[in-house]
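Values in this text are rule-based calculations from the coordinates and carry no lab data. Bear in mind that the values here come from a model prediction, so they are computed numbers and not experimental data. Cβ placement follows ideal geometry from the backbone for every residue including glycine, while neighbour counts extend to all protein chains displayed.
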Amino acid sequence: MKNTLTSPNGTPASRLAFGTMQFGGRADANASRAMFDACIDAGITHFDTAHVYTDGASETLLGGFLSTRRDDLIIATKAAYDGGSGRANLLGSAETSRSRMQLDTLDVLYLHRFDPDTDMHESFQTFAELKTAGHIRHIGLSNFAAWQVVKAAGIAAKFDLDIAVIQPMYNLVKRQAEVEILPMADDLGILVAPYSPLGGGLLTGKYAKGEAGRLTEDDRYAARYAPDVMHGAAAGLAALAGEMGMDPATLAVAWVTAHPTGPSPIISARSTAQLAPSLEAMTYDMPADVYAKISALSPTPPPATDRIEEQT
């Protein structure tokens, strides 16, 4: 059975999560508050941040917005993007995050990325301490390969812990997660909350219109989404959205949620206007024929076996 995150008062995780990476950065305090309120109005109950986002402003702003809604919401953050996943760094990061957000308990604490230099027994013993102290409720893994998740799950079990949720990158032009991550998580009952469902804005169609965004402002994103085939898929999605009278961002997010394993993508934005099309995916149930048309716009990754003749 798939792990279903709930808030402290038992409210289930929403179909989509909202990522606050822009809070205190590209989105100032007023824009951040407006997006938070728009998410609440749309029924979002799952909010995601990280220790390193905008030098702590993301966590601080999010915590300031919670107020009396806190027990209705799932608040997830991440540790150990920098400094390794050893005990001291995890404890320090968790304490800083709790302080910034004025929270006694973090609903989810992720390892932000795999640390090859730290024995995961140390990491999960630390998680066990944090859980016993009531400082965290669930454990997540971000940017882990499938084999790394399985290894982590085995080690976590030694400390009577499990992996509740993972965060891979996944969108129409970044489909590697379909090979092993999504089926692995489905088999183990782990919730998948993929990030970048819009491909850094590529799948909104804005770059084809000459607009600015991460792909024009951040060299990492420019390189990540450089291949022409990705831009071709984005153009195809925009054309299909035009035929359907929909926004391509809505289709891009809904396509991720429509995968048979039921991911819960993390949406994000700089403003409520930019956020609105992604929120529309909360209530859009993608028909199978539309899912197939969109899937055909980008290459399906090869299976995790060379015995391709046995694939059905």
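Take every DSSP beta bridge whose two residues both sit in segment 1-167; close to 5 percent of them are antiparallel. Would you mind getting me the FRET efficiency between Asp306 and Leu188? Use the beta-carbon distance for r and R0 = 30 Å, nearest 0.05. Computed FRET efficiency for Asp306 and Leu188: 0.80.
For the chain, the relative contact order works out to 18 percent when only alpha carbon pairs closer than 8 Å and six or more residues apart are counted.
On full extension, the segment bounded by Asp162 and Thr11 gains 52.3 nm, given 0.36 nm per residue less the C-alpha separation. Taking each residue as 0.36 nm, the span from Ala34 to Arg69 lengthens on full extension beyond its C-alpha to C-alpha distance by 11.1 nm. From largest to smallest, the equivalent ellipsoid semi-axes obtained for segment 1-114 from the alpha-carbon gyration tensor read 21, 18, 12 Å. Across segment 152-166, coupling constants 3J(HN,Hα) worked out from phi with the 6.51/-1.76/1.60 Karplus curve, θ = phi - 60°, read 4, 4, x, 6, 4, 4, 5, 10, 6, 10, 9, 8, 7, 7, 10 Hz, and Gly and Pro carry x.
Only sites in a loop by DSSP and with at most 12 other Cβ atoms within 10 Å count here; which GluC sites (Glu not before Pro) in segment 147-235 make the cut?
In loop regions of segment 147-235 (DSSP not H, G, I, E or B), the sparsely surrounded GluC sites (Glu not before Pro) are Glu211.
Cross-link pairs exceeding 20 Å between alpha carbons, from the set Lys78/Lys206; Lys174/Lys206; Lys174/Lys209; Lys78/Lys131: Lys78/Lys206; Lys174/Lys209.
With contacts taken as Cα pairs under 8 Å at a separation of at least 6 residues, segment 1-167 carries a relative contact order of 19 percent. The string of couplings for segment 272-285 from the Karplus curve (6.51, -1.76, 1.60, θ = phi - 60°) is 5, 5, 5, 6, 3, x, 5, 4, 4, 5, 4, 10, 9, 9 Hz, one whole number per residue in order, with x for Gly and Pro. By the compact-protein rule of thumb, 2.2 N^0.38 Å, the alpha-carbon radius of gyration of segment 125-199 corresponds to a ratio of 1.17. Residues in segment 40-52 carry Karplus couplings, in order, of 4, 4, 7, x, 6, 10, 10, 10, 10, 9, 7, 4, 8 Hz; the curve used is 6.51 cos²θ - 1.76 cosθ + 1.60 with θ = phi - 60°, and Gly or Pro positions show x. Placing +1 on the Cβ of every Lys and Arg and -1 on the Cβ of every Asp and Glu, with no other charges, gives the chain a dipole of roughly 360 debye about its Cα centre. Among the trypsin sites (Lys or Arg not before Pro) within segment 204-312, those in coil by DSSP and having at most 12 neighbouring Cβ atoms inside 10 Å are Arg307.
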